[in-house]
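The structure appears below as structure tokens.
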Amino acid sequence: FTDSGRLSGTVTGEAGDSDNIVLQLKVDSTPTRVQYSRTDIQLNTLPVASFVDISSSANIEIMGTESDDHMELLPGETAGTVELRSTADRFASIIFDQPDSLLLAPEAGDDAVQIDSAVLPIAITVADKEGIDKLSIAVSEGRLPEDVSFTDAIGDDGFITINDHVVTYTGFEKSQNIFIQGSSAADSFLLAASDDRIKVNLNEKQVAFD
């Protein structure tokens, strides 16, 4: 379904099969809210479709603009939600219930995407077409993962492993970036080398990365 698509009837899957529904959105100047229940999908409180016997209905694809997009994916203010927002005020926020899968496609331009590790375990794919693009993983003091691996983040296509979860990407020239955010209080950072890895101790919590 696109953001303008609506179905007055019911999507009926085949019992025992693996049937999925995908909602495709494009960023714009209007705030967007996507909600899921066991029987339907709602976009800005309006029903998109009802369904039965669907294996996975919470799948979202979000397309960017033709200019330089600066996207930040982070936990929403309401528990169980995720927010995609622009750090350059190029589009309004999209807030959605935590999906099964998420595809971010910034499109053309020199784009930057930052993913807060706290949104995992969503299956995230980031795909870009043109420009010089940058992908970053953000970790914070309150939700610090134990491990971030860039071993397979080589070249324009690859994946980043955060604990046991994977972010897959294509078309990103700059992919080995990590942003560590402390708390609002006085923080203690300790940076140390360990074999071919780097370890950061932040307020007695530790994350290791390539």
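Some notes on this structure:
- Counting protein heavy atoms only, the stretch 1-75 has 48 percent of its accessible area on carbon and sulfur, 1.4 angstrom probe.
- Cα principal axis extents for the stretch 66-123, largest first, Å: 31, 20, 15
- Per residue convex hull volume, Cα atoms of the stretch 123-210, in Å³: 103
- When all protein chains stay in place and ligands, DNA and RNA are ignored, the 1.4 Å accessible-area order of Arg90, Arg197, largest first, is Arg90, Arg197.
- Dipole magnitude for the stretch 84-210: about 340 debye, using +1 per Lys or Arg Cβ and -1 per Asp or Glu Cβ, origin at the Cα centre.
- Note on Thr12 and Gln181: the model spin-label points, each 7 Å out from Cα along the C-beta direction, lie 4.7 nm apart.
- Rg and Dmax [Cα atoms of the stretch 19-174; Å; Rg one decimal, Dmax integer]: 15.3, 43
- Theoretical FRET efficiency, 1/(1+(r/R0)^6), r = Cβ-Cβ of Thr78 and Arg143, R0 22 Å, to 0.05: 0.85
- Rounded to 0.05, the FRET efficiency of the Glu130 and Ala92 pair, given R0 = 30 Å and the Cβ-Cβ distance, is 0.80.
The values are calculated or read from the model by the stated rules, or taken from the named source; none is laboratory data. This is a predicted model, so every value here is computed, not measured. All Cβ positions, glycine included, derive from the backbone under ideal geometry; neighbour counts span all protein chains shown. Heads up: the accessible areas ignore ligands, DNA and RNA and are worked out on the full protein's heavy atoms, side chains in. Shrake-Rupley method; radii C 1.70, N 1.55, O 1.52, S 1.80 Å.
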